[in-house]
Structures are given as structure tokens and as C-alpha cells.
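Quick notes on the structure that follows.
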Amino acid sequence: MANAKTYSQKPTEVTRRWILIDASEAPLGRVATQVATYLIGKYKPTYTPHIDGGDYVVVINAKDSVFTGEKETDKKYYRHSGFPGGIKDASVKEVREKFPERLVENAVKGMLPKNKLSADRMARLRVFAGSEHTHTAQTPEKVEVK
């Protein structure tokens with residue numbers, strides 16, 4: 001073991017795959033952790049923390065995402081306009097009706113590390129409300145959520 005060196009991936013060596021995940025198969029938290037793992041690329045043997053070596057992820061059926069317990073009515077999503085008294089909230093049911101993609105996007109964003117790479121990783125996430133998506137030309141490989 002005299003010359004054993006730690007491998008460090010270079011940005012030119014990054015290879016990206018296209019992954020397809022169905023959000024209606026499992027609870028949203030499990031789907032989001034799987035998506036975050038693929039976006040970060042941590043499952044790859046070439047994983048390097050400071051290099052963005054993750055994959056493109058397409059999530060379908062966001063409107064049919066599964067919540068356990070009473071989260072459908074009790075969970076609140078908050079946003080603030082920046083003005084005094086400008087806080088607004090919405091339940092999961094309200095968000096699902098207007099912007100079902102945001103349910104998955106918020107869950108995945110919360111599971112990514114808060115660093116300079118997170119914006120680029122979120123840009124590789126594509127979420128669709130229904131079962132149709134616009135990335136059939138990339139032939140994404142379907143992955144089952146455990």
C-alpha cells in the first residue's frame with residue numbers, strides 16, 4: 001500500500017444518466033431522498049464531494065404524491081413576501097391543486113446540502129404533475145423507489 005492514493009473526480013470525467021422516478025409509488029419523503037441521492041451522485045463509486053457529479057432526474061405523477069398520517073390537512077407550507085405581515089401559508093391539499101410540482105421540489109431541496117452546488121443540482125431536477133413528460137428523447141431509465 002505504498003502508493004495508494006485517494007481518487008478525486010475531475011469535472012471533465014463526469015458522466016450523467018437520466019433517471020425516471022414515479023412519485024405515486026411511495027411516500028414523498030422516500031421519493032425525495034432517492035431523488036436527492038441521484039442528484040448528488042453519492043451512489044457512484046466516483047463520488048467526490050466538491051464536484052457536481054450527479055444525474056438528471058425526471059419525476060412524474062407529482063399530483064399523486066403520497067403523504068402519510070394527517071399531513072394532507074395539517075402540514076403547512078409557508079412563504080413570505082418580505083413586507084411586514086406578509087407571511088402566507090397553504091396546506092398540502094391547496095398546494096396540490098395549484099402547483100403539484102412544488103411538493104416534490106420543496107421536499108428534494110430540503111434534502112440537498114446547503115452549499116454552492118445545490119442550485120445546479122436543483123436545475124437538473126424535472127418534475128411533472130402527470131404521467132407524461134417531455135424527456136422521452138433522453139430515454140430515462142425507470143428506478144423503483146424502495
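Things worth noting here:
- Here the label points at ASP120 and SER91, each 7 Å from Cα along the C-beta direction, are separated by 4.2 nm in the simple model.
- The ranking of LEU125, LEU103, LEU117 by Cβ neighbour count inside 10 Å, starting from the fewest, reads LEU117, LEU125, LEU103.
- Exposure proxy ranking, count of Cβ atoms within 10 Å, fewest first, for ILE60, ILE87, ILE51: ILE87, ILE51, ILE60
- Cα-based shape type of the stretch 43-146, given that a ≥ b ≥ c are square roots of the gyration tensor eigenvalues and the cut on a/c is 1.5: oblate
- A cut-off of 5 Å between modelled amide H atoms, ignoring neighbours fewer than 5 places along the same chain, links VAL66 with ALA26, LEU28.
- Size of electric dipole in the chain: Cβ of Lys, Arg +1 and of Asp, Glu -1, about Cα centre, debye, nearest 20: 540 debye
- Measuring between their Cα centroids, the stretch 93-134 and the stretch 24-61 lie 12 Å from each other.
- Helix 28-40 and the longest principal axis of the C-alpha atoms of the chain enclose an angle of approximately 30°.
- Annotation: amide H-H contacts under 5 Å for ALA129 (H modelled 1.01 Å from N, sequence separation of 5 or more, or interchain): ALA62.
- The residue list PRO100, VAL127, THR48 was ranked by how far each Cα lies along the charge dipole of the chain toward its positive end, using unit charges on Cβ atoms, and THR48 comes out on top.
- Beta-bridge orientation, the chain: approximately 30 percent antiparallel, per DSSP, counting only bridges with both partners inside.
Here, each number is a calculation from the coordinates, and none is a lab measurement. This structure is a prediction, so every number in the text was calculated from the model and none was measured. We place every Cβ from the backbone using ideal geometry, glycine too, and count neighbours over all the protein chains shown.
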